[in-house]
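J.: Below are the structure tokens for one structure; questions will follow.
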């Protein structure tokens, strides 16, 4: 199982999904209307490392995080 | 009379000179061997305002200052 | 060194501690940047969420860059609520020479604003309102929205 | 505000006082630059001469520039001897926004180095040796050396 976490202002509980890669995650989340806006502006991290492509394989126990636009300081 | 002050590291007492402009001051100081090096790297202020030309008239009571290279901080 | 605090930062104490920590390490320049909550748009203050694992790795990569130039970075940030005229952020660079420090503090603060996983909320009438319009999408954002 | 001190600066106290003076003036960014005496070339410390009338007018012209951008500058400098690892210089910018402060502190510190009428000496074996090789001729220097 893959754990998907939504950080900061995204008010959504974590998901546990049986998926093989980020493309499958995109397909799942694109079904979710309340996520549509976030998907266009969120960065994605796998096991706390930012990734820039959907071609990332996932293995059992991996954690995927969605990071919306930031503003520290 | 014009008072000429030598600032910072120039170890020279002030002068009182009867001169009409900075060109005359240049002529006087160029006679002074120990000043030759300073003349090429000093800035000049008249009454505490920096000037960039010798064409500055001087009047009785004016103060001329020579400012050698600086390094604050 | 990266330090997170609940609520506002005690700026004089942090600046003093950092100065004293590095006092004999022969750095010629110390440049702190202090960020303070401004009164704007009727807010009562700001509030912050931080995602520490990625903040830590982002900070470590900057510390490595600083080290390569003989410099050191220190940073402090608030979690939770920080009220008007209180401070939520300090970043500091120590370096042997001034040019490195002046350039580094600028680059560091700008990348911090664009990349550090921290989310800002306005405190408005007791509510926490995400400051989306002042926020920046992290580089590489949007991949999950790409349609097949 | 320009403050001159005999000997080393008490950096934590000055940074604290300036922070507190501006605490409710709604500046979002406070950037101090602190200059500290480094151990180099066997010196025991540095010593400074300052010509105050021209320093004051130079500083006032910068304060005007800052004001035009809604910012404020504060500066402290030492007169006389400052020993290794003590600090002789602090310049600070307060401004509403970070970009103004980051750009201003850089421009101010660089012009300070090139223009402020302060002379530096190395303290070497009890002697005060003018640091000519690290010094900069003020813009417009050399007119008295021009031959007719």
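Values in this text are rule-based calculations from the coordinates and carry no lab data. All figures in this text were calculated on a predicted structure; none of them were measured in a lab. Using ideal geometry, Cβ is built from the backbone for each residue, glycine included, and neighbour counts are taken over all protein chains shown.
J.: Share of antiparallel DSSP beta bridges in chain A, in percent to the nearest 5?
T.: Working: 11 of 15 bridges.
Given both bridge residues lie in chain A, the antiparallel proportion sits at roughly 75 percent.
J.: Divide, for the stretch C:2-132, the radius of gyration over alpha carbons by 2.2 N^0.38 Å, where N is the residue count. Write down the numbers at each step before the final one.
T.: Numbers: Rg = 15.4 Å, N = 131, 2.2 N^0.38 = 14.0 Å.
The reported ratio for this selection is 1.09.
J.: What residues from the stretch A:44-73 fall in the zone where the backbone N is under 13 Å from a label point 7 Å along the Cα-to-C-beta line of residue A:37?
T.: Answer for this model: A:69.
J.: Under 8 Å for C-alpha pairs, at least 6 residues apart: give me the relative contact order for the stretch A:2-67, rounded to a whole percent. Can you show the working numbers first?
T.: Numbers: 96 pairs, mean separation 30.0, N = 66.
So the answer I get is 45 percent.
J.: Here's a follow-up. At 222 nm, what value in deg cm²/dmol follows for chain D if DSSP H runs of at least 4 each add -39500 (n - 2.57) and the sum is divided by all its residues, to the nearest 500?
T.: Details: 3 runs with 46 residues, N = 148.
It lands at -10000 deg cm²/dmol.
J.: With a 10 Å cut-off between alpha carbons and a GNM built on chain D, which of D:38, D:128, D:99 moves the most?
T.: Highest fluctuation of the listed residues: D:99.
J.: How far apart, in nm, are two points set 7 Å out from the Cα along the Cα-to-Cβ line at residue A:47 and at residue C:110?
T.: Result for the modelled spin labels: 3.4 nm.
J.: Using a Gaussian network model on chain A with a 10 Å cutoff between Cα atoms, which of A:62, A:33, A:18 fluctuates the most?
T.: Greatest mean-square fluctuation among the candidates belongs to A:33.
J.: Quote the convex hull volume per residue of the protein assembly as shown, based on C-alpha atoms, as a whole number of Å³.
T.: Working: hull volume 77.0 nm³, N = 442.
Given the Cα convex hull of the protein assembly as shown, per-residue volume reads 174 Å³.
J.: Which residue in A is nearest the A/B rotation axis when you measure from the C-beta atom, and what is the distance in Å?
T.: Result for the axis mapping A onto B: A:73, 14.
J.: Hey, another quick one. For label points placed 7 Å from Cα toward Cβ, what is the shortest-first list of nm distances from residue D:147 to its copies?
T.: 8.2
J.: At a Förster radius of 51 Å, what calculated FRET efficiency corresponds to the Cβ-Cβ distance of residue D:84 and residue D:26, to the nearest 0.05? Walk me through the intermediate numbers first.
T.: Values: r = 39 Å, r/R0 = 0.77.
The calculated FRET efficiency here is 0.85.
J.: Given the options D:117, D:96, D:12, which has the most mean-square fluctuation in a GNM of chain D, springs set between C-alpha atoms less than 10 angstrom apart?
T.: Between D:117, D:96, D:12, it is D:12 that shows the largest mean-square fluctuation.
J.: Something else about it: Relative to the longest principal Cα axis of chain D, at what angle does helix D:52-68 sit, 0 to 90 degrees, rounded to 10?
T.: Tilt relative to chain D: about 30 degrees.
J.: Find the relative contact order for the stretch D:71-119 and round it to a whole percent, using C-alpha pairs within less than 8 Å whose residues are 6+ positions apart.
T.: Values: 38 pairs, mean separation 16.3, N = 49.
Normalised by residue count, the contact order of the stretch D:71-119 is 33 percent.
J.: List C:136, D:24 from most exposed to least, where exposure is judged by having the fewest other Cβ atoms within 10 Å.
T.: D:24, C:136
J.: Roughly how tilted is helix C:98-115, in degrees to the nearest 10 and between 0 and 90, from the longest Cα axis of chain C?
T.: 20
J.: Now a separate question. Quote the relative contact order of chain D in percent (integer), defining contacts as alpha-carbon pairs under 8 Å separated by 6+ residues. Walk me through the intermediate numbers first.
T.: On the way: 248 pairs, mean separation 48.5, N = 148.
Dividing the mean separation by the residue count of chain D yields 33 percent.
J.: List the distances, in nm to one decimal, from the label point of residue B:48 to the label points of the same position in every other copy, shortest first, placing each label point 7 Å from Cα along the Cα-to-Cβ direction.
T.: Sorted ascending, the copy-to-copy spacings read 6.0 nm.
J.: Which distances in nm, rounded to one decimal and ordered from shortest, link the label point of residue C:65 to the equivalent label points in the other identical copies, with labels set 7 Å from Cα toward Cβ?
T.: From this label point to the equivalent ones elsewhere in the assembly: 2.7 nm.
J.: Once you sort the root eigenvalues of the Cα gyration tensor of chain A as a ≥ b ≥ c, which label holds: rounded (a/c under 1.5), prolate (a/b larger than b/c) or oblate (the other case)? Show your work: numbers first, answer last.
T.: Working: a/c = 1.58, a/b = 1.31, b/c = 1.21.
Cα axes put chain A in the prolate bin.
J.: Grab the DSSP H runs of chain B that are 4 residues or longer, score each as -39,500 (n - 2.57), total them, divide by all residues and round the 222 nm result to the nearest 500 deg cm²/dmol.
T.: -5500 deg cm²/dmol
J.: For the stretch D:33-103, just say rounded, prolate or oblate: build the C-alpha gyration tensor, square-root its eigenvalues into a ≥ b ≥ c, call rounded for a/c under 1.5, and beyond that prolate if a/b exceeds b/c, oblate if not.
T.: On the way: a/c = 3.92, a/b = 1.76, b/c = 2.23.
It comes out oblate by the Cα gyration axes.
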